[in-house]
Amino acid sequence: MALVSTTSTSVITSNTQIVGEISTTLTKTNTQIMSKEEIEAAKAFELREKKRAYKQKCKKCMRCGKLGSEVENTKFKLTIAHIVPRRTEGLDILFGVSSGYIDEIFIEDERNYLVLCGTYGVAGSCHDGYDRLRFSLFYYLPENRYEWINSDGTRNFENTNISPAHQYPEVIGVKYARLLNSRTARMLYTPGVHTIMTPVQRAIFFDQLQDWTEHEQITFFNPIPNINTNINNNINDNINNNINNNINDI
Ligand SMILES: [Zn+2]
């Protein structure tokens, strides 16, 4: 089974912390037991194929609509962005079963993937803007869809050339609503960011964002006493990790 490419060493290095969630029973064709390095390489390969397949399924940037076929060999080629980029300290405490949610967070799950153009550092790309918290995707329960919102609070794309203002689970798959919406809340409360929303509008929207994730909760009332602070701290960590660890994005 030709699963290990000659370039796989660098892949192992950049994915060491996340490939552990990928289960594999791959064995060499000569029935010898695979070495630890070979297993890691096979897992990395599997992960790359999983991301590739998801990009092919979605076909275009989820924010601006650039087709993968049009930007394939450019710096705006489609990449996988993670809503939460890696397993941060306390992630499951905040968003897992111990906080009343239906399951734990799996970093390398399609529910944590977004397909965006470019990558961190490519100015003007959606992946770069997403990592810099200039816009965010949130789950809009009343119409069962995902919608983009900018850091200034605008929710439409007038005066831009952006077309897909929202996305549907039937098209992009089900996402972690709790991660999307807490990230969105954090963006709107980032100090110094200009917003068109009044404090009251923002507070109402914040409550709605929490309400729209109820379907991911086992219990209606979240047991965390100071959820706002916890979410803010956690997302701060995630943003830092996002910037520092974009090597994990392909
Ligand atoms: Zn884009």
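Numbers for the structure displayed
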quantity: When residues of region 84-100 are limited to those that are part of a loop (DSSP other than H, G, I, E, B) and charged (D, E, K, R), the one surrounded by the fewest Cβ atoms within 10 Å (Cβ to Cβ); calculated: GLU89
quantity: TYR54 vs. criteria away from the ligand (no atom under 12 Å from the Cβ), crowded, with 20+ Cβ neighbours inside 10 Å and closer than 30 Å to ILE218 by Cβ; calculated: no
quantity: Residue list for region 74-95, restricted to those being away from the ligand (no atom under 16 Å from the Cβ) and either over 30 Å from GLU214 (Cβ atoms) or over 16 Å from the mean Cα position of the chain (by Cα) (or both); calculated: GLU89, GLY90, ILE93, LEU94
quantity: Residue in region 29-40 that is away from the ligand (no atom under 16 Å from the Cβ), crowded, with 19+ Cβ neighbours inside 10 Å, free of Cβ contacts under 8 Å to residues at least 40 places away in the same chain and more than 26 Å from LEU180 (Cβ to Cβ) present; calculated: yes
quantity: Test: residue in region 144-164 that is in contact with an Asp or Glu (Cβ under 7 Å, 6 or more places away or on another chain), modelled with pLDDT of 90 or more, outside any loop (DSSP other than H, G, I, E, B) and within 21 Å of TYR54 (Cα to Cα); calculated: no
quantity: Matching residues in region 108-136 - criterion: being within 12 Å of the ligand (Cβ to nearest atom), touching a Ser or Thr at 6+ places or on another chain (Cβ under 6 Å) and small (Gly, Ala, Ser); calculated: GLY118
quantity: So VAL122, is it modelled with pLDDT of 90 or more, part of a loop (DSSP other than H, G, I, E, B) and under 16 Å from the mean Cα position of the chain (by Cα); calculated: no
quantity: Single residue of ASP103, ASP131 found to be surrounded by fewer than 20 Cβ atoms within 10 Å (Cβ to Cβ) and not basic (Lys, Arg); calculated: ASP103
quantity: Cβ pairs under 6 Å, 6+ apart, first in region 116-141 and over 13 Å from LEU188 (Cα atoms) and hydroxyl-bearing (Ser, Thr, Tyr), second within 9 Å of the ligand (Cβ to nearest atom) and modelled with pLDDT of 95 or more; calculated: THR119/HIS127; SER125/PHE76; SER125/CYS117; SER125/GLY118; TYR130/LEU116
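The values are calculated or read from the model by the stated rules, or taken from the named source; none is laboratory data. Owing to the predicted nature of the structure, the values given are computational and were not obtained by experimental measurement. Using ideal geometry, Cβ is built from the backbone for each residue, glycine included, and neighbour counts are taken over all protein chains shown.
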